[in-house]
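This report refers to the structure that appears directly beneath it.
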Amino acid sequence: MKHIIGLLVIFVTLTARGAVADAQQPKKVARICNLGGNVSSTAEYIKPFQQRLRELGYVEGQNLIIDYRYWEGKVERLPELAAEFVRLNCDVIVTQGTEAPEAVKNATRTIPVVVTYGADAVRRGIVADLARPGGNITGLTDMGAEIFGKRLELLKETVPKLARVAFLWSPTQLSADDNLKETEAVARFLRIGLQSLEVKGPDDFDGAFQTATKKRAQALIVGGGGLFNAKSKRIVELAAKSRLPGTYPNLQYVEAGGLMSYVEDRSEMFRAAAEIVDKILKGTKPADIPVDRPKKFEFVINLKTAKQIGLTIPPEVLARASRIIR
């Protein structure tokens, strides 16, 4: 009996020591690498991403590390930054915008990638199919080129006598051709002349606005892409100087003084991206996670800007806004 009791004591002691040892073992720290366009836009949208991760049990500095890199509108930097994340052996790479996913796809076919937002992922070959993305990339994709047609419609409702619009676009934005074609089609339907203004680099903005003024553009549509996002304040300043009411591809422009934006609810998209990251960290393969589309949109108007350029926003347009900046 004493022998049996002694064995039980030894067993309990060893089991307790094992439990203590297991408790002392550090939990795996997940490394998320975020490839953003610029500091300001990342700072705005990363908050709902971080908040959702906290709700899911992740605490930065304890079981989570987030590394940040920014390409600041310089497309040529993307391959270098993507390669750096591969060397860091990230558990998940999170991308923002249209240009970054392609660079990351070229850099790795094994590290899971979650796209927070970007132009049509299937059309650009980022994923094979929305329902079955295949490969190592999943996440969310934007509404597509048709959102530019919607922006032109809202601009026409805001400026009823609108007859000529300048469309500012950059060839560095991978879906620029589709966006321009969609906007041209809607412009023809609305009987609005569309003036195409190509901007290849940061030195081209002044000339583009001078051309818009010379050809008597009455309003402005700004295309998407990292180059424009990095120079959003400059674009807004030039639009104000030219007294051009403009519609912009994200809220950042409107908060900087642009007139209006109609865009997918990026906060909701980043929260959804955090949930996808959680699934991947728990073992689900990106190939098995369908790519989602946004379900909520924001129409934001800067009423202060409207007053500065002498524009009266029709009451029916104001009534449709999800947010008004006064």
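The values are calculated or read from the model by the stated rules, or taken from the named source; none is laboratory data. These figures come from a predicted structure and were not determined experimentally. Positions of Cβ are backbone-derived with ideal geometry, glycine not excepted, and every protein chain shown enters the neighbour counts. Side chains included, ligands, DNA and RNA excluded: accessible areas come from the protein's heavy atoms. Shrake-Rupley method; radii C 1.70, N 1.55, O 1.52, S 1.80 Å.
Could you figure out which of (1) closer than 30 Å to residue 127 by Cα; (2) under 20 Å from the mean Cα position of the chain (by Cα); (3) open to solvent by 10 Å² or more (accessible area, probe 1.4 Å) isn't true of residue 255?
Unmet condition: (1).
Here is a list of conditions, (1) small (Gly, Ala, Ser); (2) at negative phi; (3) modelled with pLDDT under 95, and residue 310 meets all of them except one; can you say which number that is?
Of (1) small (Gly, Ala, Ser); (2) at negative phi; (3) modelled with pLDDT under 95, only one is false for residue 310: (2).
Looking at region 35-129, what helices (runs of 4 or more DSSP H) fall wholly within it and have at least 2 residues that are within 22 Å of residue 295 (Cβ to Cβ) and at pLDDT 95 or above?
In region 35-129, 39-55 are the helices (runs of 4 or more DSSP H) which contain 2 or more residues that are within 22 Å of residue 295 (Cβ to Cβ) and at pLDDT 95 or above.
Of the conditions (1) within 30 Å of residue 85 (Cβ to Cβ); (2) surrounded by fewer than 20 Cβ atoms within 10 Å (Cβ to Cβ); (3) in contact with a Leu (Cβ under 7 Å, 6 or more places away or on another chain), residue 156 clears all except one; give me its number.
In the conditions (1) within 30 Å of residue 85 (Cβ to Cβ); (2) surrounded by fewer than 20 Cβ atoms within 10 Å (Cβ to Cβ); (3) in contact with a Leu (Cβ under 7 Å, 6 or more places away or on another chain), residue 156 misses (1) alone.
Check region 215-231 and report whether any residue there is without any contact (Cβ under 8 Å) to a residue 12 or more places away in the chain, open to solvent by 10 Å² or more (accessible area, probe 1.4 Å), more than 22 Å from residue 300 (Cα to Cα) and not aromatic (Phe, Trp, Tyr).
no
Quick check on residue 59: is it in contact with a Leu (Cβ under 8 Å, 6 or more places away or on another chain) and open to solvent by 30 Å² or more (accessible area, probe 1.4 Å)?
So residue 59 does not fit the description; no.
Here are 156, 74: which of them is out of contact with any strand residue (DSSP E or B) (no Cβ under 7 Å at 6 or more places or on another chain) and under 30 Å from residue 191 (Cβ atoms)?
Of the residues listed, the single one that is out of contact with any strand residue (DSSP E or B) (no Cβ under 7 Å at 6 or more places or on another chain) and under 30 Å from residue 191 (Cβ atoms) is 156.
Could you pull out every one of the helices (runs of 4 or more DSSP H) wholly within region 188-247 that has 1 or more residues that are at pLDDT 95 or above?
Ranges flagged: 205-214, 232-241.
Looking at region 130-153, which of its residues are at pLDDT 90 or above, in contact with a helix residue (DSSP H, G or I) (Cβ under 7 Å, 6 or more places away or on another chain) and among the hydrophobic types (A, V, I, L, M, F, W, C)?
137, 140, 148, 152 - these are the residues of region 130-153 that are at pLDDT 90 or above, in contact with a helix residue (DSSP H, G or I) (Cβ under 7 Å, 6 or more places away or on another chain) and among the hydrophobic types (A, V, I, L, M, F, W, C).
Quick grid of which residues meet (1) of a type in the set (A, V, I, L, M); (2) crowded, with 22+ Cβ neighbours inside 10 Å:
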position: 113; (1), (2): yes, yes
position: 117; (1), (2): no, yes
position: 121; (1), (2): yes, yes
position: 136; (1), (2): no, no
position: 171; (1), (2): no, no
